[in-house]
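What follows is a set of notes on a single structure, which appears directly below.
The values are calculated or read from the model by the stated rules, or taken from the named source; none is laboratory data. Being a predicted model, the structure only gives us computed values, none of them experimental. Positions of Cβ are generated from backbone atoms using ideal geometry, with glycine treated the same way; all protein chains shown enter the neighbour counts. Accessible surface areas use protein heavy atoms only, side chains included; no ligands, DNA or RNA. Shrake-Rupley method; radii C 1.70, N 1.55, O 1.52, S 1.80 Å.
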Amino acid sequence: MLPTKKHRIALISVDGDPAAEIGQEEAGGQNVYVRQVGHALALQGWQVDMFTRRSSAEQVAIVQHEPNCRTIRLKAGPAEFIGRDRLFEHLPEFIAEFQAFQQEQGFQYSLIHSNYWLSSWVGMELKKQQQLIQVHTYHSLGAVKYSAVADIPAIATKRLAIEKACLESVDRVVATSPQEQEHMRRLVSTQGQIELIPCGTDVDKFGPIPRVAARQELRIAPDVKMVLYVGRFDQRKGIETLVRAIARSSLRDQANLQLVIGGGSRPGHSDGIERDRIASIVAELGLEDCTTFPGRLNDSVLPFYYAAADVCVVPSHYEPFGLVAIEAMASRTPVVASDVGGLRFTVVPEITGLLVPPKDEVAFANAIDRILTNPDWREQLGEAGRQRVEIAFSWHSVASRLTQLYNHLLAQTIPTKETKSQVAA
Ligand code: UDP
């Protein structure tokens, strides 16, 4: 269903810049989600403004992606990278800048879709000051995250309280998997309205490249058994488990086993610590000859890596959704993933890949070996993964469902003078 009128909406993602390079520092699934949802909503007729904070002096204030979709970077603290756990104090400035932007443009947004708890607070504060509909996607829940990590940051109490207030008060929370929805109900609040709308992926970008062509492009020999990881360097991603699993693989002594660990920042940036830690484990286990770190994989090479791989491993300790799993499946590559969170929803065990207990390097080694030693089954798993993504996880279908939700919520509000004028804008 198309928007009833050409309507201007704001996606707010203070900490996840939709125009940023993905795969480094804290830029990952949330940035991709906002960018792709923004793009798909614009194609469906919405005027989409995506708000984030400026995190470097070189960044332009407005990036026009396409006629109906742009990223707007507001000032919130110094123009430098600030980790998520230290951003809260800069949010009042972000709100003031957002309001100044509305004033300057002569309209007010009547619907905002906030992303991550920091932006949920921005939305809830704005809602006190102007009439608006707020839809929220968490991307990560403090209540789940903090049960899986050793270092609980000082901001945790505030985050948990805001996540609870958000679920209980915003117009609709979007859960991206049934597992996330269950966590919200069990660990956050029994009140508030949740709608299940999954994340999606680009089925035209991931999928069309044949494996042979991908390997030629990347200069990977046809007989190599290629195990792929794609993602940020963050302890919660469980890369250590994957490396230890490779050390235990029955194929370890074969010259053709290759582990490719894609993602990561330029040297000296924040995720460098985890990258260095992983590199030292690789060295300690004697895996340097069969492991490569190609760094951040940009859009022009990422589809080749997925297409070339024999198996893609997602060893996260916790994963609210996990875009990498569906990107690999769209590329006809089976997935071995931790049996947690959204990965339980996307990966169908024995059909599109395998699920194993998180942090269990023996189970990961066995699952990887099962796929690598059975090429026919690998092909079947890959085909089934592609079909599953085409049916359930395209950005187009995600945007159609969000459009229905937005229209439904907007239809319930009585337009004010401002919203009337901006509908016509
Ligand atoms: N990604 C990328 N290049 C890289 C590493 C990651 O484009 O070098 C992208 C990846 O394709 C996916 C996103 O970053 O779209 C990671 O999303 P996911 O939900 O798997 O994890 P998150 O970062 O949200 O924890």
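Roughly how many Å is it from the Cα centre of segment 303-336 to that of segment 90-143, as a whole number?
33
Which order do the peptides 122-128, 241-247 take when ranked by the mean count of other beta-carbon atoms within 10 Å per residue, highest first? Kindly include the intermediate steps, with their values, before the conclusion.
On the way: 122-128: 17.3, 241-247: 22.7.
Ranking the peptides 122-128, 241-247 by packing returns 241-247, 122-128.
Can you give me the C-alpha center-to-center distance between segment 362-417 and segment 199-238, rounded to a whole angstrom?
17
Classify segment 7-146 from the C-alpha gyration tensor, please: rounded if a/c falls under 1.5, else prolate or oblate depending on whether a/b exceeds b/c.
Here segment 7-146 falls in the rounded category.
Classify segment 210-357 as rounded, prolate or oblate from the Cα gyration tensor: take a ≥ b ≥ c as the square roots of its eigenvalues, call it rounded if a/c is under 1.5, otherwise prolate when a/b beats b/c and oblate if not. The partial results should precede the final answer.
Details: a/c = 1.23, a/b = 1.04, b/c = 1.19.
Cα axes put segment 210-357 in the rounded bin.
Write down the Kirkwood hydrodynamic radius of the chain, to one decimal in angstroms, obtained as one divided by the mean of 1/r over all alpha carbon pairs.
After inverting the mean inverse Cα-Cα distance, the result is 22.1 Å.
Collect residues whose amide H, placed 1.01 Å from N in the peptide plane, falls under 5 Å from the amide H of residue 133; neighbours closer than 5 in sequence don't count.
Under 5 Å from the amide H of residue 133 lie the amide H atoms of 111, 112, each far enough along the sequence or on another chain.
If you keep only loop residues by DSSP, which GluC sites (Glu not before Pro) in segment 80-121 have at most 14 other Cβ atoms within 10 Å of their Cβ? If you can, show how the numbers build up before the last one.
Numbers: sites: 80, 89, 93, 97, 104; in loops: 80.
Hits after loop and neighbour filter: 80.
For residue 235 and residue 277 in the same chain, what is the full-extension length gain: residue separation times 0.36 nm, less their Cα-Cα distance, in nm?
Details: separation 42, 0.36 × 42 = 15.12 nm, distance 0.96 nm.
Gain on extension, residue 235 to residue 277, equals 14.2 nm.
Based on DSSP, what percent of beta bridges with both residues in segment 1-129 are antiparallel, to the nearest 5? Before the final figure, lay out the partial values.
Details: 4 of 18 bridges.
In segment 1-129, approximately 20 percent of DSSP beta bridges are antiparallel ones.
Over segment 13-88, what relative contact order in percent results from Cα pairs under 8 Å that are six or more residues apart?
Numbers: 111 pairs, mean separation 22.0, N = 76.
Dividing the mean separation by the residue count of segment 13-88 yields 29 percent.
Using a 1.4 Å probe over the heavy atoms of the protein chains, calculate the carbon and sulfur portion of the accessible area of the chain as a whole percent. Don't skip to the answer; put the middle values down first.
Details: 8790 of 17270 Å².
So the carbon and sulfur contribution to the accessible surface is 51 percent.
Give the calculated FRET efficiency between residue 218 and residue 131 to the nearest 0.05, with a Förster radius of 56 Å applied to their Cβ-Cβ distance.
0.60
When a/c reaches 1.5 or more, the comparison of a/b and b/c decides; with that in mind, is segment 318-414 rounded, prolate or oblate per its Cα gyration tensor?
Working: a/c = 4.53, a/b = 2.06, b/c = 2.20.
It comes out oblate by the Cα gyration axes.
Extension gain residue 60-residue 256, at 0.36 nm per residue separation less the Cα-Cα distance, in nm? Present the calculation step by step, with values, prior to reporting the outcome.
On the way: separation 196, 0.36 × 196 = 70.56 nm, distance 4.54 nm.
Fully extending the segment from residue 60 to residue 256 adds 66.0 nm.
Suppose only helical runs count, i.e. DSSP H with n ≥ 4. What mean residue ellipticity at 222 nm does that imply for the chain under -39500 (n - 2.57) per run, divided by all residues and rounded to the nearest 500 deg cm²/dmol? Mind showing how you got there, number by number?
On the way: 16 runs with 176 residues, N = 425.
Computed mean residue ellipticity for the chain: -12500 deg cm²/dmol.
Report for segment 46-108 the percent antiparallel among DSSP-assigned beta bridges with both residues inside it, nearest 5.
On the way: 4 of 10 bridges.
Just about 40 percent of them are antiparallel.
Excluding ligands, DNA and RNA, what is the solvent-accessible area per residue of the chain at a probe of 1.4 Å, expressed in Å²?
On the way: 17270 Å² over 425 residues.
Counting only protein heavy atoms, the per-residue value for the chain is 41 Å².
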